[in-house]
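K.L.:
Below is one structure. I have some questions about it.
The values are calculated or read from the model by the stated rules, or taken from the named source; none is laboratory data. Small disclaimer: the values here were computed from a predicted structure and weren't measured. With ideal geometry, Cβ positions are generated from the backbone for all residues, glycine too; neighbour counts draw on all protein chains shown.
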Amino acid sequence: MPRSPDRGWKVIAYLFGKLTQKAPTHLVVDVGGVGYLVHIPLSSYERIGEVGGPVRVLTYLHIREDGAELFGFATEEERELFRTLISVSGVGPRLAQAVLSAMSPEEFRRAVVRNELHKLTSVPGIGRKTAQRLVLELREKFGPEEPVPLEEVPTEAVEVGRGPSEEAFLALLSLGMRDAEARTALARARRRLGEEAPIEELIREALRG
């Protein structure tokens, strides 16, 4: 079943009430005598008001089979990036929260567009493959400002066939894979999917390892 990250946003758009507890990772907001526990990133913590005062928090309700969690944000930009992140395969709300705690939305977009895997993997919980998947799935959506030059990889050195296989190989190199690592991953993907598999499927399969 396809993921639907928009549903939680539409259920509870925001909370307005009294801030009764504030910590770097969560808040408690009293709305009409009911205390709502809201998980927040550090970026929002710095912008939220003081305990005892009124507060308005943008929210996203994440529903799981075993329960539900409410995530809060100080700005629409933070919430929008959160929703974008959890739409990526393998990225859950806690990891999205960690991303927003480690860098601003603009810093994250820049890291994705520039293929700065070292910055993405500096976020707790993001390994190399997850970082590569984030770049693969979000780079085009963010709009590449500074595309990684593929001319750094000599075309004559690529001996992996023509068509989708060659394009997939170059894409894997641009995502940060070493030559030998890319060849091995691509060969494995071609065995699983067949020689005529589309480039998008080859890349995704190669990144899965």
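K.L.:
Looking at the structure I just gave you, is ILE86 over 30 Å from ARG56 (Cβ atoms) and aliphatic (A, V, I, L, M)?
P.N.:
On the way: over 30 Å from ARG56 (Cβ atoms): no; aliphatic (A, V, I, L, M): yes.
It is false that ILE86 is over 30 Å from ARG56 (Cβ atoms) and aliphatic (A, V, I, L, M).
K.L.:
Do you know which residues across the stretch 63-77 are buried (at least 21 other Cβ atoms within 10 Å of the Cβ) and under 27 Å from VAL135 (Cβ atoms)? It would help to see each step written out before you state the result.
P.N.:
Just the residues of the stretch 63-77 that are buried (at least 21 other Cβ atoms within 10 Å of the Cβ), to begin with: 70-73.
Result: PHE71, PHE73.
K.L.:
Looking only at the stretch 41-65, which residues are over 23 Å from the mean Cα position of the chain (by Cα) and at pLDDT below 90?
P.N.:
Let us first name the residues in the stretch 41-65 that are over 23 Å from the mean Cα position of the chain (by Cα), namely 48-56.
ILE48, GLY49, listed by residue number.
K.L.:
Give the stretch 25-46 a look and list any residue that's of a type outside the set (Val, Ile, Thr) and surrounded by 12 or more Cβ atoms within 10 Å (Cβ to Cβ), or say none.
P.N.:
Within the stretch 25-46, HIS26, LEU27, ASP30, GLY35, TYR36, LEU37, HIS39, PRO41, LEU42, SER43, SER44, TYR45 qualify.
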